[in-house]
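Comments concern the structure below.
The values are calculated or read from the model by the stated rules, or taken from the named source; none is laboratory data. No experiment lies behind these values; they were computed from the predicted model shown. Using ideal geometry, Cβ is built from the backbone for each residue, glycine included, and neighbour counts are taken over all protein chains shown. These accessible areas exclude ligands, DNA and RNA; they are computed on the full protein's heavy atoms, side chains included. Shrake-Rupley method; radii C 1.70, N 1.55, O 1.52, S 1.80 Å.
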Amino acid sequence: MNMTSIKWPRRRKQCRRRHPWQIVLAGAILLVVIGVTRHQDVSCFNISATQIHTLHLDHNLKLTWMMDWYKKEVLFHVQNTFQHGRYKFFALGFSPRGELKRTDLCVFTTSAGGAYRQALDTYTSRDFNRIYADSEQNCDPMRIDDNSVAFRRKFDSCDPQDVSIHGGTMYVVWLRGKKELDFGKNWTVMPTVGRADLGVMPVQILRADAITIPEAKSAVKRVEILLDKAAIPAVETTYWCKVQRLEDWLTKKRHHIVQFEPVITHEHVVHHMEVFQCVADPGVKIPLYEGSCGDMPAEAKICNKVMALWAMGAGPFTYPHETGLPIGGEGFNPYIRLEVHFNNPDLKKGIVDSSGMRINVVSKLRKYDAAIMELGLEYTDKMAIPPGQVAFPLTGYCIAECTKVALPSGGIKIFGSQLHTHLRGVRVLTRHFRKGIELPEVNRDDFYSHHYQEIRQLRYRPKVLPGDALMTTCYYDTRGYENATLGGFSISDEMCVNYIHYYPATELELCKSAISEKSLYNYFKYMKEVEKQPVIPSGARSDNYHSIHWTKTRSDQLFEYYLEEPLSMQCNRSDGFRFEGYDWEGAPITEFSPPRSTLRANCAIPPELQWFKPLEVGHCDVFGECIYEDEKIKE
């Protein structure tokens, strides 16, 4: 299609009065088309700069986007696409899990001198050798010039040849080339492009508006806890700890943490980091320390209340304006602990690391104290994932009996969430129940990647009341493994966690579960007596799981057993002790129905396209959600 250039009138000092929706629409188009940055004034268009999101695809290729939530559209702008005629085409699109095959692409082409410019909705073949034109065209161009493109896409076009835009992890795929593409037969051979002209990046497109720090820069002070040139051992998994004393100015007056951000020395080995408060009377002295967490002084074991955390793929995290995480002042023990998890699968030697966390604080306290709570599964080998599974689910419960004794009568509001697994996790969601009725989910990532574990601001901020239940389910792909994967701390073990950020602060630090000891004993007894497996019911759990010959029937049995048996519930304060008022060993599970599908939930595929297998559809899990890759993705 031929595209004409769009000319905009010079903006006057006084903004003309318009109907609100006209202002927003005109402003949104202008912002995307001309690529307004966060530093430019957008107030005349009733649009906050926090609504504009950016991603650098490479050193000079920048993607900018914003959502029109009312129309359920995303407006995209990409800068430096054709480099003023150097490139003949540019393509941008989405892949369900980062694979180049069956990728949804908007292809933009331009001729010498700009005689014609075209936008085409396409998808790639299963072998990534061809690009096919879609039967329906859903790339809506707004502008194509010699150095940029602007277009919009619906959240969900209900077209099986498109990838729907959702609130979980997505993969932006881009490529460009110097030869013209010929779609004369409604397809073209995949052009050969250099490594510098093709990229895949994980991103959350449908995200909450960014949060700024409203306090003046002069009012924000910085606290850093960094490793001091730590020599990392040449082993796969290392947990390195540092105990540090806060500076006097912070111990004398209570402050609020308003933002924290990572300081990373070696991106390829730093897997995740946490900063913990030492929970003790202010006069208790804790030895300063830096070294392996396993050799840490016993006195430092009380440093276990989470203050800040980071995992691969995450950036800075900023608190909402009404809340901050308390630190310092009277009653606050002046010691904190940094824990860094290093993943060194290649066993490289000579790594010297000074990673850590940078924490920004203010002295004028905000309205609410914030806190962090862990949901999900215990870090224990009581739970296991059989080998050869496409998407084996494990669920950790925060049962109603725990929130009933631990939460204030007015409940808590969750504003942030970080989902976390190790290498095999492919999907994570936390569901919310009240008196047996399911409410909107806390967080959901159907295309989760352990390479992209950012703390996400929640656009919908759920309120959790006493007596509510929360369920966190993680799905694992163990294709290619010969033995069971166990829960634990090593990168070769697995975790299932949702770190929720909420206010007002409570004493509840952990709300996690695992199968009860009695139930697990009975399971191994059944395996020995009925299935004739070489296990010892009272023996080591890890040895028992690894001694089982896993068949499909036994894998299904384990899945069903986990769904039915009582729990060992960790309803814990930050001092590690459980809340009183309930027998947490042998606690009942929360009853639930299979999770609701959100992808294409309201779509009816046109009859003429029902022959086409949707780009997102793959293998199915036990609940019938068919969103998993046909082949295991490299970890």
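Numbers at a glance
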{"item": "Residues listed by number, the range 278-295, amide nitrogen under 20 Å from Lys229 label point at 7 Å toward C-beta", "result": "289-292"}
{"item": "Asp295 versus Trp69: modelled label distance in nm, points set 7 Å from Cα along the beta carbon direction", "result": "5.2"}
{"item": "Relative contact order, percent, the range 284-420 [alpha-carbon distance under 8 Å, six or more residues apart]", "result": "24"}
{"item": "Carbon + sulfur, % of accessible area of the chain - ligands and nucleic acids excluded, 1.4 Å", "result": "51"}
{"item": "Helix runs (DSSP H) in the chain reaching 20 Å along axis by Cα, Kyte-Doolittle at least 0.5", "result": "20-34"}
{"item": "Estimated 222 nm signal from helices in the chain, with DSSP H stretches of n ≥ 4 weighted -39500 (n - 2.57), rounded to 500", "result": "-3000 deg cm²/dmol"}
{"item": "Total charge dipole magnitude, the range 182-253, about the Cα centre, Cβ charges on Lys, Arg, Asp, Glu only, Debye to nearest 20", "result": "280"}
{"item": "Theoretical gain in end-to-end length, Glu247 to Gln137 [0.36 nm per residue, Cα-Cα removed]", "result": "33.6 nm"}
{"item": "Solvent-accessible area per residue for the chain (1.4 angstrom probe, square angstrom)", "result": "44"}
{"item": "Cβ-defined net charge surrounding Gly576, 9 Å radius [Lys, Arg +1; Asp, Glu -1]", "result": "+1"}
{"item": "For Val149, net neighbour charge (Lys/Arg +1, Asp/Glu -1) across residues whose Cβ lies under 14 Å away", "result": "+3"}
{"item": "Within the range 392-427, backbone nitrogen closer than 15 Å to the virtual label 7 Å beyond the Cα of Glu236 toward Cβ", "result": "422-425"}
{"item": "Arg573 versus Asn129: modelled label distance in nm, points set 7 Å from Cα along the beta carbon direction", "result": "6.7"}
{"item": "Whether the range 313-444 is rounded, prolate or oblate, judged on the alpha carbon gyration tensor where a/c under 1.5 counts as rounded", "result": "oblate"}
{"item": "Förster-model FRET efficiency, 60 Å R0, Leu347 and Ser111, C-beta, rounded to 0.05", "result": "0.70"}
{"item": "Mean Cβ neighbour count within 10 Å, used as a protection proxy, ranking 572-582, 199-209 highest first", "result": "199-209, 572-582"}
{"item": "Computed over the chain: relative contact order in percent, which uses C-alpha pairs under 8 Å that are six or more apart", "result": "12"}
{"item": "For the chain, alpha-carbon Rg over 2.2 N^0.38 Å", "result": "1.03"}
{"item": "Debye, to nearest 20: dipole size of the chain, +1 on Lys, Arg Cβ, -1 on Asp, Glu Cβ", "result": "2840"}
{"item": "Shape category assigned to the range 287-380 from the gyration tensor of Cα positions, a/c cut at 1.5", "result": "prolate"}
{"item": "Cβ-based net charge around Lys72, under 9 Å, with every Lys or Arg adding one and every Asp or Glu removing one", "result": "-1"}
{"item": "Prolate/oblate/rounded label for the range 488-601 (Cα gyration tensor, a/c 1.5)", "result": "prolate"}
{"item": "Calculated log₁₀ intensity ratio I(q)/I(0) where the Debye formula runs over C-alpha points of the range 509-565, q = 0.24 Å⁻¹", "result": "-1.01"}
{"item": "Two-site label geometry, Thr50 and Asp630: point separation in nm, points 7 Å out along Cα→Cβ", "result": "4.5"}
{"item": "FRET efficiency, 1/(1 + (r/R0)^6) with R0 30 Å, evaluated for Ser354 and Ala219 via beta carbons", "result": "0.60"}
{"item": "Antiparallel content of DSSP bridges confined to the chain, in %, to 5", "result": "95"}
{"item": "Highest average packing first - 237-249, 51-63, 213-225, 140-152, Cβ atoms within 10 Å", "result": "140-152, 237-249, 51-63, 213-225"}
